[in-house]
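Presented below is the structure to which this report refers.
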Amino acid sequence: MRRFALAASIFAGFAAPASAATITALNLESQVVAAPARVADSQYGNTGIAQAFNERSDVTIASDMTLGGTFFEAGTSFDSHLIFHDRVEGSDYVTAEANFSFSKAIAAVIVYSQELYDTNALFGAA
């Protein structure tokens with residue numbers, strides 16, 4: 001299950017089958033990691049570094065849906081990535097100046113916890 005500490009799912013959309021999109025960390029406050037079995041049980045700890053991973057590739061939606069406020073028609077395919085940042089142990093705040101790049105255009109971004117929960121079965125890491 002994806003958890004909201006500070007999390008955003010990034011969807012790279014494409015119209016036809018293509019290679020999986022990749023994500024790259026661009027500074028010291030960002031890190032690309034392997035997808036954990038459960039984000040809620042993150043093996044990476046409260047490091048103060050924003051971490052990202054690839055969730056699923058080439059997911060085709062069966063019905064129309066809105067993701068991050070953007071409408072998509074049935075048949076649209078996505079690659080899903082998750083960026084998350086836990087607060088540093090003992091801190092009340094979540095801050096980072098992380099930078100990531102994506103190999104495909106970003107189609108939508110989900111930042112609200114309920115939408116993350118609602119789309120977990122479809123886009124969450126397998």
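Key figures
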quantity: Segment 90-107, residues that are within 23 Å of GLU29 (Cα to Cα) and either of a type in the set (Asp, Glu) or in contact with a Ser or Thr (Cβ under 8 Å, 6 or more places away or on another chain) (or both); calculated: ASP92, ALA96, GLU97, ALA98, ASN99, PHE100, SER101, PHE102, SER103
quantity: Entirely in segment 49-107, the strands (runs of 3 or more DSSP E) that have 1 or more residues that are modelled with pLDDT of 85 or more and basic (Lys, Arg); calculated: 50-60
quantity: Cβ-Cβ under 7 Å pairs, at least 6 apart or on other chains, segment 19-32 side over 12 Å from ALA52 (Cα atoms) and assigned to a loop (DSSP other than H, G, I, E, B), far side modelled with pLDDT of 85 or more and among the small types (Gly, Ala, Ser); calculated: ALA20/SER57; ALA21/SER103; ASN27/ALA98
quantity: When residues of segment 33-48 are limited to those that are of a type in the set (Gly, Ala, Ser) and part of a loop (DSSP other than H, G, I, E, B), the one modelled with the highest pLDDT; calculated: ALA34
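The values are calculated or read from the model by the stated rules, or taken from the named source; none is laboratory data. Owing to the predicted nature of the structure, the values given are computational and were not obtained by experimental measurement. Positions of Cβ are generated from backbone atoms using ideal geometry, with glycine treated the same way; all protein chains shown enter the neighbour counts.
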